[in-house]
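Encoded as structure tokens, the structure appears first; notes follow it.
The values are calculated or read from the model by the stated rules, or taken from the named source; none is laboratory data. Quantities reported herein were computed from a predicted structural model and do not represent experimental measurements. Cβ placement follows ideal geometry from the backbone for every residue including glycine, while neighbour counts extend to all protein chains displayed. Note: accessible area is taken over every heavy atom of the protein model, side chains too, but ligands, DNA and RNA are not part of it. Shrake-Rupley method; radii C 1.70, N 1.55, O 1.52, S 1.80 Å.
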Amino acid sequence: MTNRERAMNLLRYKPVDRMPAVHFGYWRELLLEWAEQGHIPQELARTVGDGNAADRELDRIIGWDFNWYRCYGANRGLLPGFERTILETLPDGTQRVQNSVGLIERIKPGIASIPSEDDYILKDRRAFEELYLPKMQFSARRVNTEFFKKFNETRDQDIPCGLHLGSVLGDIRNMVSVVGMSYLMYDEDEELFADIVDAYADMQYKCAEAILQTGAQFDFAHYWEDICFKNGPLLSPDMFRELCGKHYRKRSDLCHRHGIDIISLDCDGVTEKLLPIWFENGVNTMFPIEVGVWGDQFAPAREKFGRGMLGVGGMDKTALRRDKAAVDAEIERMKRLSAMGGFIPCPDHRLMPGSKFDLVQYYAEEIKKIRL
């Protein structure tokens, strides 16, 4: 069987010969660690990107079958983006930078994690209508039509490929920060926030529609939304349903009309309270199912929603920083989740610095031994 057949069969409760060994990429710092340790070439560490030739070569070296995150879409961001501007350099070298979406961040030297959010410019209706709304419009420039017209012939036939549907709220959170989003929703102008969500969602719908109109065929569709944290969502479920539910439904219906029945969504944190809204509006696949400090999220979701709730992910990647016993325990847990059907084990996000090369190889080898 091809890896594409294995993956799609698993998510449709059909027979497979074995479990594929699937991953979701790496922190760049981990690849540089592995290169320094002599496990991989330096050039490979510098050039790996999701699904590219270097990524596939690293799959071969480690023993992975493929990187799940093979998605194709449009330019769904602000067009054009704001010019990146350094606003201030502090005595310790930290820079206050306005980025391409108008968020002002503090960039600290030598720190690789997500920058802290300092300020934002999308604060009122004037800023929205004058600065942002013109950049949120759909245009043919957003879609590489010629690429998608040839997609069915040029794509990798061995690996499942997805249509990236963008986001409904996650990208907007990136524009205004967590704090700014909270003010806009609750204290400043609820009508303005709804207009922002509607305008941005309408553009992304048109992007997906334009891609599908080329005849390009995909195995699944995928959203990115990082709008939860360790205690739950960043907004109330009721408000999320009112603001966002209709936009998920519209894009899901578009996918269904084009034969796409697997629709996944990436949201970090504890997603339990938002899952019903996603599920009732067409999202049926959790990915990458973060484990975090809160534990397994897939088994409770399957119990609540039944066999219609699918999953890719759920493997606690921190085991790959510890020892063989920790990895074996995760493999046993993956076997139990896999036995439920409609589930593909995958580390629950990009592998972090400190992950041990030999343990990653061991995990990739052992996961292929799962039989259903």
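Ignoring ligands, DNA and RNA, what accessible area per residue does the chain give at 1.4 Å, in Å²? Present the calculation step by step, with values, prior to reporting the outcome.
On the way: 16210 Å² over 372 residues.
Per residue, the chain has an accessible area of 44 Å².
Shown in residue order for region 347-353 are the 3J(HN,Hα) couplings computed by the Karplus curve 6.51 cos²θ - 1.76 cosθ + 1.60 at θ = phi - 60°: x, 7, 3, 4, 5, 9, x Hz (x for Gly and Pro).
Using only the Cα atoms of region 272-372, build the gyration tensor, take square roots of its eigenvalues as a ≥ b ≥ c, and label the shape rounded, prolate or oblate: rounded if a/c is under 1.5, else prolate if a/b is larger than b/c, else oblate. Cα axes put region 272-372 in the prolate bin. Fully extending the segment from T145 to R106, taken as 0.36 nm per residue of separation minus the present Cα-Cα distance, adds 10.3 nm.
Each of I62, I114, I86, I107 has its accessible area taken with a 1.4 Å probe; listed largest first, they run I114, I86, I107, I62. Taking a quarter of the surface of the Cα convex hull of region 134-270 gives a mean projected area of 9.1 nm².
Across the options V16, Y205, I62, the greatest Cα extent toward the positive end of the charge dipole of the chain (unit charges at beta carbon of Lys, Arg, Asp, Glu) belongs to V16. Helix by helix, which DSSP H runs in the chain go 30 Å or more along their axis at the Cα atoms and have an average Kyte-Doolittle hydropathy of 0.0 or more? Helices meeting the criterion: 190-212.
For G166, nonlocal amide neighbours, meaning residues 5 or more places apart or on other chains whose placed amide H falls under 5 Å from its own, are W224.
Our summary gives the chain a relative contact order of 20 percent, counting only alpha carbon pairs under 8 angstrom and 6 or more residues apart. Of the solvent-accessible surface of the chain, computed with a 1.4 Å probe over protein heavy atoms with every protein chain present, carbon and sulfur atoms account for 49 percent. Reported to the nearest whole Å, the Cα centre-to-centre distance from region 322-351 to region 1-36 is 12.
Straight-line reach from K123: taking Cα to Cα under 17 Å and skipping same-chain neighbours fewer than 8 places apart, the lysines in range are K135.
If I take every Cα pair under 8 Å that is 6 or more residues apart in region 47-105, average their sequence separation and divide by the length, what percent do I get for the relative contact order? Please list the in-between numbers first.
On the way: 55 pairs, mean separation 12.0, N = 59.
The normalised contact order for region 47-105 reaches 20 percent.
Loop-located trypsin sites (Lys or Arg not before Pro) in region 1-104 (DSSP state other than H, G, I, E, B) with a sparse environment of at most 13 neighbouring Cβ atoms within 10 Å: R12, R84. Tell me, how many Å apart are the Cα centres for region 113-162 and for region 238-265? About 18 Å separates the Cα centre of region 113-162 from the one of region 238-265.
Working note: Cα atoms of region 174-249, range along each principal axis, descending, whole Å: 44, 28, 22.
Beta-bridge orientation, region 116-269: approximately 20 percent antiparallel, per DSSP, counting only bridges with both partners inside. Using only alpha carbon pairs under 8 Å that are at least six residues apart, calculate the relative contact order of region 71-190 and give it in whole percent. The normalised contact order for region 71-190 reaches 29 percent.
Quick one: work out the % antiparallel among DSSP beta bridges in the chain, nearest 5. So the antiparallel bridges amount to about 40 percent of the total.
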